[in-house]
Amino acid sequence: MSQNSKVKGKISWQSPSNIALIKYWGKHGNQLPCNPSLSMSLKLSVTTTSLSYNYKEKGKNVDLEFLFNGKRSKQFEKRVGNYLNNLLKEYPYLVDYHLIIDSSNNFPHSSGIASSASAFSALALCIMSLKEICLGDIDRKEFFQEASNLARLGSGSASRSVYGGYTIWGKVEGSTHYSDDYASLLKSTIHPVFQTFYDAILIVSGENKKVGSSAGHSLMEKHPFAKSRYQQAMNHTIEMIDVLETGDMDRFIEIIENEALTLHGLMMSSDPGYILIKSETIEIIERIRNFRQTQKIPITFTLDAGPNVHVLYPESYRKEVIKFIEDELVVLCNAGQWINDSTGKGPKLLNIQ
Ligand code: PMV
C-alpha cells in the first residue's frame, strides 16, 4: 500500500451503453480492432458500478466478490476476476484490498441489450478512481484515455462508452488523432441535427445469443470477405465523420443501414454461418423503410449483434416517430418492450468515499 492510499472506501460510477453506427467486427492481438468503429453513447441505458475496497494483507491474486443486480454472481466473479488479475502488472495495488464490485443495469436483464460496454466502462472508471486514490491525481484527459484502454481489455465496444456524444475507436486513415488502444471523442464539430439524436431500442427478443460476440469476432479471422470488410468500415468511418459534420441525412441513412446489414451478412456468411435476426427484425426494417418513403421522415435503423432493432431519428420528428412505433412496431416487440433512448452526455462519477 502506498502512502497516499486509504484503508477502505467506496467508488461509484455510472456509465452508458453505446450504439455503433460503424461496427467493430473482427479483432486481433490483445483486443485490438481490425477496423475503426464509430458510436453514439446513450442516455438512458446505463450500468451503475460501485467498487468497495478494504485493506488486507497483500495476496497473489485479486480477492473479489462480485454482485450483479444485488445478487452474488459466480459467473461474473470469474470473468471479472480474470480480467483484474491480468491487470496486476500495471495496477499492483489491486491485491492490497478485499474488493466488492456491485454492478447493476437500469435496463431489463432480459431485454437483450448488450451490457458489456456499459459494464466494463463503469468498472474501468472505478479502477481509475482507485488508482488516483493510491497514486495521486491524474490529468482528466489521461484519466479517460486510460479508462478507455482498460475498458477495451474487458470488451472492445466498452472503450467507446467512457465518453458521451460520438466516439471513435481505432486508427483512421489520414488522421493521427485516433488510436487502436483507446477510443476518443469525435474531433470534428457535430451538425445540430445529430447533436441530440434518438435511438428507440425495440426489444424483439430477450433470449441469450446463440453465438456470442467473442465467437463472432473469431469467425472473422478466416472469413473470405474480411479484407474488403475492413476497408469498407475504414471508408465508412471517414465518410461518417464528414456526414456528422455536414448533416447529410440521406448519406447517413445509406451508411447506417449498410453497416447494420453488413454486420449480419458477415455472420450469415461465416463458416459456420449463423443467424441472429428474427422474422420480426425483418418486418420492422420493412415497415421503417416504408414509413420513411411514404411520410418523408428521415428515420433509419441499425442492429447490434442480436435481433433487436435500433430506430434512429432526429429529435424534431419525435412525436411522429413515437406514434409510428406505438401504432405499427410495438406489436412486433417482445412483450411490447421498447426504450426511447437518445444521445447521452457520458459517464458520471456518483460517489467517492
Ligand atoms: O465489444 P464486443 O466484443 O462485445 O463486440 C461488439 C460488437 C458489436 O456490438 C456488434 C459492434 C460494435 O462495434 O459495438
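The values are calculated or read from the model by the stated rules, or taken from the named source; none is laboratory data. What you see is a predicted model; the values in this text were computed from it and never measured. Here the Cβ is made from the backbone with ideal geometry for all residues, glycine too, and neighbour counts use every protein chain on show.
Restricting to region 110-130, and then to whatever is more than 12 Å from Val46 (Cβ to Cβ) and within 11 Å of the ligand (Cβ to nearest atom), can you tell me which residue is modelled with the highest pLDDT? For region 110-130, the residue satisfying everything is Phe120. Looking across region 1-56, the residues that are near the ligand (Cβ under 10 Å from one of its atoms) and of a type in the set (D, E, K, R) come down to Lys23, Lys27.
Of the helices (runs of 4 or more DSSP H) contained entirely in region 209-296, those carrying at least 1 residues that are within 14 Å of the ligand (Cβ to nearest atom), outside the structural domain of Leu21 (by TED's automatic domain parsing) and over 16 Å from Gly26 (Cα atoms) fall at 226-246, 249-268. Among the numbered conditions (1) of a type outside the set (Ser, Thr, Tyr); (2) modelled with pLDDT of 95 or more; (3) under 20 Å from Ser115 (Cβ atoms); (4) more than 23 Å from the chain's Cα centre (by Cα), the only one that Ala335 does not meet is (2). Only residues that are surrounded by 12 or more Cβ atoms within 10 Å (Cβ to Cβ) and part of a strand (DSSP E or B) were counted in region 54-71, giving 8. Leu38 satisfies every condition listed in (1) on the phi > 0 side of the Ramachandran plot; (2) at pLDDT 95 or above except (1). Filtered by the rule that a residue be under 24 Å from Glu207 (Cβ atoms) and either touching a Phe, Trp or Tyr at 6+ places or on another chain (Cβ under 8 Å) or among the aromatic types (Phe, Trp, Tyr) (or both), region 288-304 gives Ile288, Phe301. Does Leu32 count as touching a strand residue (DSSP E or B) at 6+ places or on another chain (Cβ under 9 Å) and among the aliphatic types (A, V, I, L, M)? When the stated conditions are applied, Leu32 does not pass them.
Counted as qualifying within region 96-208 are the helices (runs of 4 or more DSSP H) with 1 or more residues that are of a type in the set (S, T, N, Q) and touching a Phe, Trp or Tyr at 6+ places or on another chain (Cβ under 6 Å), namely 140-154.
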